[in-house]
1. Could you tally the net charge around THR147, taking each other residue with its Cβ under 13 Å from the Cβ of THR147, Lys/Arg +1 and Asp/Glu -1?
2. Sort 289-297, 365-373, 305-313 by packing, meaning the average of other beta carbons within 10 Å per residue, with the highest value first.
3. Given +1 on the Cβ of Lys and Arg, -1 on the Cβ of Asp and Glu, and no further charges, what dipole in debye does the chain carry about its Cα centre, rounded to the nearest 20?
4. Given the chain, what count of lysine pairs have C-alpha atoms under 21 Å apart, with each pair 8 or more places apart or on different chains?
5. Quick check on the chain: take the gyration tensor over C-alpha atoms, sort the square-rooted eigenvalues as a ≥ b ≥ c, and tell me if it's rounded (a/c under 1.5), prolate or oblate.
6. Which FRET efficiency value, to the nearest 0.05, do you get for VAL26 and LYS204 by plugging their Cβ-Cβ distance into 1/(1 + (r/R0)^6) with R0 = 41 Å?
7. So for the pair ASP96, ILE216, with labels modelled 7 Å out along Cα→Cβ, what separation do we get in nm?
8. Going by Cα centres, segment 337-374 and segment 35-77 are how many Å apart?
Amino acid sequence: MDYISETLSNLLGQTAFANLSIGNLVMVAVACFFLYLAIAKEYEPLLLLPISFGMLLVNIYPPIMAEGGLLNYFFKLDEWTILPSLIFMGVGALTDFGPLIANPKSFLLGAAAQFGVFGAYLMAMLLGFSSESAAAIGIIGGADGPTSIYLAMKLGQADIMGPIAVAAYSYMALVPIIQPPIMKLLTTKEERSIKMEQLRPVSKKERILFPIVVTIVVCSILPSTAPLIGMLMLGNLFRESGVVRQLQETASNALMYIVVILLGTSVGATASAEAFLKVTTLKIIALGLVAFAIGTAAGVLFGKIMCHATHGKINPLIGAAGVSAVPMAARVAQKVGAEEDPTNFLLMHAMGPNVAGVIGTAVAAGLFMAVFGV
């Protein structure tokens with residue numbers, strides 16, 4: 001009888017129920033909510049589903065993220081900045097840079113959206129974060145998960161990388177919820193209904209030269225951006241050259257999806273109750289949201305300026321796509337514009353600022369690294 005009771009006691013002691021804290025239960029509930037958004041609402045499920053499932057796993061079985069745990073090995077690839085760089089290559093292979101080439105003014109909208117990055121940086125400093133921590137937090141405003149991870153590691157902010165990465169990827173996935181109210185608040189019905197002229201055709205020569213020229217210019221001025229900008233442009237060169245179709249398909253499909261699984265689950269696994277339910281983490285989450293809101297608002301407001309400067313030829317909604325959540329932010333601009341006029345097609349116009357935002361956030365990260373001598 002003693003043997004049976006001891007065996008049952010040992011068995012119960014090994015279950016998750018015996019070790020779960022209130023904090024773990026809270027994070028399990030949060031993970032389930034994110035799973036609901038990913039599956040039932042389809043809010044960027046490719047990102048949100050693996051992130052939320054990693055969050056679920058680590059709060060049921062914390063050793064999965066400890067030294068020797070499965071997700072800890074995945075996370076090492078984040079720490080070594082391998083996965084963020086590979087994500088950029090996949091994004092480049094997937095993305096048509098033609099709208100940006102056809103309308104170079106889009107660079108201004110992508111640059112305007114970076115106000116969120118630097119605004120959050122200043123606010124983080126005021127809240128008592130160190131300069132390096134504030135810079136890593138500020139990049140969340142670009143809604144760019146890979147760059148957030150990359151900069152946090154380069155600036156030696158591994159202790160807060162988990163909250164930064166979860167915030168950045170969560171806000172990327174929640175773009176359809178966060179951006180529309182800001183866009184509608186700052187624009188009129190007439191502005192949202194503006195139809196833009198069709199973009200000019202972009203030649204194959206322009207498409208091939210663009211990634212090469214951008215790599216030379218940006219990486220010469222800010223060499224520390226080479227892993228991100230270089231991989232982004234390499235992926236795009238795979239796409240536009242037309243001579244390495246197998247590499248383009250691998251980078252944009254099989255490799256991209258493998259990297260998303262590894263990165264998503266490992267990022268989610270950083271959200272353990274012990275690491276996440278702290279005042280510092282809540283500050284980071286709040287600052288990230290403020291940064292993203294400022295970036296969206298700045299893009300829309302600069303879009304309004306361009307609208308007036310061009311006598312109504314620019315729809316201000318495309319300015320919201322200046323954050324680098326590709327192509328989610330561009331799709332949101334299209335959706336909000338179509339709500340006012342179903343015949344209004346803004347997607348390709350919004351892709352210009354969207355791509356510019358990717359480059360702009362990487363450049364902002366490079367500026368921070370240059371300032372801090374990394």
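No value in this document is a laboratory result; all are computed from the given coordinates. Note that the structure is predicted; figures quoted are calculated from it, not measured. Neighbour counts are summed over all protein chains in view; Cβ atoms, including those assigned to glycine, are modelled from backbone coordinates with ideal geometry.
1. Result for the neighbourhood of THR147: -1.
2. 289-297, 365-373, 305-313
3. Dipole size: approximately 1180 debye.
4. Lysine pairs, 8 or more places apart or on different chains, close enough: 20.
5. It is prolate, given that a/c is not under 1.5 and a/b is the larger ratio.
6. FRET efficiency, VAL26 to LYS204: 0.15.
7. So the label points at ASP96 and ILE216 sit 2.7 nm apart.
8. Centre-to-centre distance over Cα atoms comes out at 27 Å.
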